[in-house]
Amino acid sequence: QVQLVESGGGLVQAGGSLRLSCAASGRTLSGYRVAWFRQAPGKERLLVAALNWSGSTRYADSVKGRFTISRDNAKNTVYLQMNSPKAEDTAIYFCTTDRTYRGLFDNKYDYWGQGTQVTVSS
């Protein structure tokens, strides 16, 4: 079983920056996809960014050029660097990973953190 714990959320001004972290325990993240999703009030949970085992990435169009997903295998941690956030980025952010190998564009994930709230003030 994999446990994921997100941190780093909070209140940030539009145009500022924020870095989310997701620490994993119970299994290494190395060799598996990792991703960040977000869910705004009353809306569905949507993919923000994904990173596969080889370093290939996938981003939602709304965050391309502003957000960056990365991982530190030594720390078993995934990050989401949020630059120039906008009010519409306000949401609960969740990190996730797989139980088995899947392609970068597969939307199924197995393990989820509890989420961290990000609020962007305009």
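The values are calculated or read from the model by the stated rules, or taken from the named source; none is laboratory data. If you're wondering where the values come from, they're calculated on a predicted model, not measured in any experiment. Here Cβ is always computed from backbone atoms with ideal geometry, including for glycine, and neighbour counts include all displayed protein chains. With ligands, DNA and RNA removed, areas are computed over all heavy atoms of the protein, side chains included. Shrake-Rupley method; radii C 1.70, N 1.55, O 1.52, S 1.80 Å.
Things to note:
- Filtered by the rule that a residue be β-branched (V, I, T) and in contact with a strand residue (DSSP E or B) (Cβ under 8 Å, 6 or more places away or on another chain), segment 55-112 gives T57, V63, T68, I69, T77, V78, T90, I92, T96, T97.
- Output for segment 75-91, where each listed residue is in contact (Cβ under 8 Å) with a residue 60 or more places away in the chain, open to solvent by 20 Å² or more (accessible area, probe 1.4 Å) and not hydroxyl-bearing (S, T, Y): Q81, N83, K86, A87
- Residue count, segment 95-113 (criterion: assigned to a strand (DSSP E or B), under 19 Å from A40 (Cα atoms) and open to solvent by 20 Å² or more (accessible area, probe 1.4 Å)): 1
- Residue check, D89 under 15 Å from L18 (Cβ atoms), touching a Lys or Arg at 6+ places or on another chain (Cβ under 9 Å) and either of a type in the set (D, E) or modelled with pLDDT under 95 (or both): yes
- Here L47 meets each of (1) assigned to a loop (DSSP other than H, G, I, E, B); (2) buried (at least 16 other Cβ atoms within 10 Å of the Cβ); (3) in contact (Cβ under 8 Å) with a residue 60 or more places away in the chain with one exception, condition (1).
- Of the criteria (1) of a type in the set (A, V, I, L, M, F, W, C); (2) under 20 Å from L104 (Cα atoms); (3) more than 15 Å from the chain's Cα centre (by Cα), which one C22 fails: (3)
- Lone qualifier among V63, V48, V2 - being β-branched (V, I, T), under 17 Å from A91 (Cβ atoms) and over 11 Å from the mean Cα position of the chain (by Cα): V63
- Residues satisfying the stated conditions in segment 5-16, i.e. within 15 Å of the chain's Cα centre (by Cα), at negative phi and not in a strand (DSSP E or B): G9
- Condition check for V120: out of contact with any Phe, Trp or Tyr (no Cβ under 9 Å at 6 or more places or on another chain), touching a residue at least 40 places away in the same chain (Cβ under 8 Å) and not in a loop (DSSP other than H, G, I, E, B): yes
- Residue ID - modelled with the highest pLDDT, chosen from residues in segment 22-33 that are part of a loop (DSSP other than H, G, I, E, B) and open to solvent by less than 30 Å² (accessible area, probe 1.4 Å): R33
- D72 vs. criteria open to solvent by less than 50 Å² (accessible area, probe 1.4 Å), acidic (D, E), modelled with pLDDT of 95 or more and farther than 23 Å from Q1 by Cα: no
- Set R38, R19: member being open to solvent by 30 Å² or more (accessible area, probe 1.4 Å), touching a helix residue (DSSP H, G or I) at 6+ places or on another chain (Cβ under 9 Å) and not in a loop (DSSP other than H, G, I, E, B): R38
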